[in-house]
Amino acid sequence: MIVTRFAPSPTGYLHIGGLRTALYNYLYARANNGKFLLRIEDTDLKRNKIEATNAIIEAFKWCKLDYDGELVYQSDRFYIYKKYIQKLLDEGKAYKCYMTKDELDELRKSQEAMKIRPKYDGRYRDFKGTPPAGIDPVIRIKAPISGTIEFKDGVKGEVKFNVDDMLDDFIIARSDGSPTYNFTVVIDDALMGVTDVIRGDDHLSNTPKQIILYEALGFKTPNFYHVAMINGPDGQKL
């Protein structure tokens, strides 16, 4: 059965491109006798606005868009994300990185001076020593260090990303323990049974990171469809 979802972040009001994405997901699910789910991605506790959450729900009512099952809030699922972060640590697929902000800034400056793409250098990837005192580590995934990540997009066709051009061991949990966007999206889509992810073109660069996480966690990768943005004359999202 086809399962789609719309997963807005309540950090601002719903824009027309987001509403169109919701409509695409709704119609695709209904046309195929599938399910359409609604999830509020509210893990960014500092930027969330209850007014934005309410506006999203009201917009759905106004447009007569119904969804299946309960409305899901990511903020209620931190215990689930924590479990899967620990799973990756236990399996050696993720690791604790003790790099400070100053060290990261210094690394980026040196890379920019050498005119190479700034990225994390993996210094704690295989670290076996004593962790430095007084530093709350972030958690990084062990991403591939070479090759390509390829998938078939339902809109764009065959898409290929060169690992060396855009990926490093990206962060899946911040130093305060809170999970990052790409990690929570993969966990929720997998556990909610989402089969088809229809979203805006601005999420295309997130897809290779999410594929890495799907594979690391042993989840089936969904079908992806990245639709063109709706922009105004100034090039900004409406």
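The values are calculated or read from the model by the stated rules, or taken from the named source; none is laboratory data. In this text, all values refer to a predicted model and were calculated from it rather than measured experimentally. Glycine gets a Cβ as well: all are built from the backbone with ideal geometry, and neighbour counts include every protein chain shown. Side chains are part of the model used for accessible areas, which takes the heavy atoms of the whole protein and leaves out ligands, DNA and RNA. Shrake-Rupley method; radii C 1.70, N 1.55, O 1.52, S 1.80 Å.
Of all the options 132, 222, 118, the one that moves most in a Gaussian network model of the chain with Cα springs shorter than 10 angstrom is 132. What a 1.4 Å probe finds exposed on segment 67-160 is 50% carbon and sulfur by accessible area, rounded to a whole percent.
From the coordinates of this entry, semi-axes √(5λ) of the Cα gyration tensor in Å is computed, and it appears in (i) 31, 23, 16; (ii) 32, 20, 19; (iii) 28, 19, 18 under the label (ii). For residue 11, the solvent-accessible surface with a 1.4 Å probe is about 40 Å², rounded to the nearest 10. The dipole here belongs to segment 1-137: it is taken about the Cα centre, uses +1 on the Cβ of Lys and Arg and -1 on the Cβ of Asp and Glu, and is about 360 debye.
Can you list the trypsin sites (Lys or Arg not before Pro) in segment 103-193 that are in a DSSP coil and have 10 or fewer other beta carbons within 10 angstrom? Provide the component values of the computation, followed by the final result.
On the way: sites: 108, 109, 115, 119, 123, 125, 128, 140, 142, 152, 156, 160, 174; in loops: 115, 119, 123, 125, 128, 142, 156, 174.
Those satisfying the criteria are 115, 128.
Normalising the average separation of contacting C-alpha pairs (under 8 angstrom, six or more residues apart) by the number of residues puts the relative contact order of segment 1-139 at 21 percent.
Name the most mobile residue of 139, 198, 149, meaning the one with the largest mean-square fluctuation, in a Gaussian network model of the chain with Cα contacts below 10 Å. Result for the chain, Cα springs under 10 Å: 149 fluctuates most.
Residue 166 sits with roughly 50 Å² accessible to a 1.4 Å probe, with DNA, RNA and ligands left out of the calculation. When only Cα pairs below 8 angstrom with a gap of at least 6 residues are kept, the chain shows a relative contact order of 20 percent. Return the whole-Å distance between the Cα centroid of segment 113-145 and the Cα centroid of segment 180-238. Segment 113-145 and segment 180-238 have Cα centres spaced 25 Å from each other.
Across 71, 191, 65, the residue with the most accessible area heads the list, and the full order at a 1.4 Å probe is 191, 71, 65. Estimated from helical segments only, the mean residue ellipticity of the chain at 222 nm is -10500 deg cm²/dmol, where each DSSP H run of four or more residues counts as -39500 (n - 2.57).
Is the shape of segment 180-238 rounded, prolate or oblate, going by the alpha carbon gyration tensor and its root eigenvalues a ≥ b ≥ c, with a/c under 1.5 for rounded and a/b larger than b/c for prolate? Judged from the Cα gyration tensor, segment 180-238 comes out prolate (a/c at least 1.5, a/b above b/c).
Rounded, prolate or oblate, given the Cα gyration tensor of segment 86-203, with a/c below 1.5 counting as rounded? It is oblate, given that a/c is not under 1.5 and a/b is not larger than b/c. When the convex hull of its Cα atoms is viewed from all sides, segment 111-177 shows a mean projected area of 7.2 nm².
Taking residue 46 as the anchor, which lysines have their alpha carbon closer than 21 Å to its alpha carbon, excluding any fewer than eight residues away along the same chain? The qualifying lysines are 82, 101.
Assign unit charges at the C-beta atoms only (+1 for Lys and Arg, -1 for Asp and Glu), then state the dipole size of segment 110-238 relative to its Cα centre in Debye, rounded to the nearest 20. Kindly include the intermediate steps, with their values, before the conclusion.
Numbers: 16 positive and 19 negative charges, 54 e Å.
Dipole magnitude for segment 110-238 comes out near 260 debye.
As an equivalent ellipsoid, segment 54-140 spans semi-axes of 39, 21, 12 angstrom, where each value is the square root of five times an eigenvalue of the C-alpha gyration tensor, largest first. Comparing 217, 104, 204 in a Gaussian network model of the chain where C-alpha atoms under 10 Å apart are linked, the largest mean-square fluctuation is found at 104. Accessible surface for residue 159 stands near 20 Å², nearest 10, in the context of the full protein assembly shown (1.4 Å probe).
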